[in-house]
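Report on the structure given below.
Every number in this text was worked out from the coordinates using simple rules, so none of it is lab data. Note that the coordinates shown come from a computational prediction; the quantities given were computed from them, not determined experimentally. Cβ coordinates were reconstructed from backbone atoms using ideal geometry, including for glycine residues, and neighbour counts include every protein chain displayed.
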Amino acid sequence: MHHSAVLLSSGAPAPLKLLWQDVSRSARCWVQVKSAVDEALEWLDDNQDAEEEEYKDKLKEVEDVCNPVVSAAYAAGGGAPGADGDDEDLGDHDEL
């Protein structure tokens with residue numbers, strides 16, 4: 001166990017322990033996201049002739065891992081950009 005984990009598990013103030021737990025949980029979540037994306041990219045390389053349904057299934061697998069992590073990150077940060085309905089005025093820009 002890393003020395004900071006030992007320090008935080010024994011005798012650290014409660015807020016510091018909670019922060020450490022949140023950081024540790026967040027790091028594990030992002031490792032899971034990276035792993036899911038890396039695996040999907042490898043699958044795509046190996047299955048370029050796959051049927052549309054197989055691509056959709058793979059996308060669903062990645063979304064099942066990533067969506068909860070991304071949603072939690074947005075919730076912790078106050079929401080997704082534009083989620084409050086206060087979108088930036090883009091003037092006369094056309095949509096792409």
Cα-derived Rg to Rh of segment 30-74, Kirkwood definition: 1.03
Positive-end residue, segment 30-74 charge dipole about Cα centroid, Cβ charges, pick of TYR55, LEU41, ALA72: ALA72
Full-stretch length increase - GLN21, TRP43 - with 0.36 nm per residue and alpha-carbon distance subtracted: 4.6 nm
Integer Hz, Karplus 6.51/-1.76/1.60 couplings in order for segment 30-40, x for Gly and Pro: 5, 5, 5, 4, 4, 4, 5, 5, 4, 5, 5
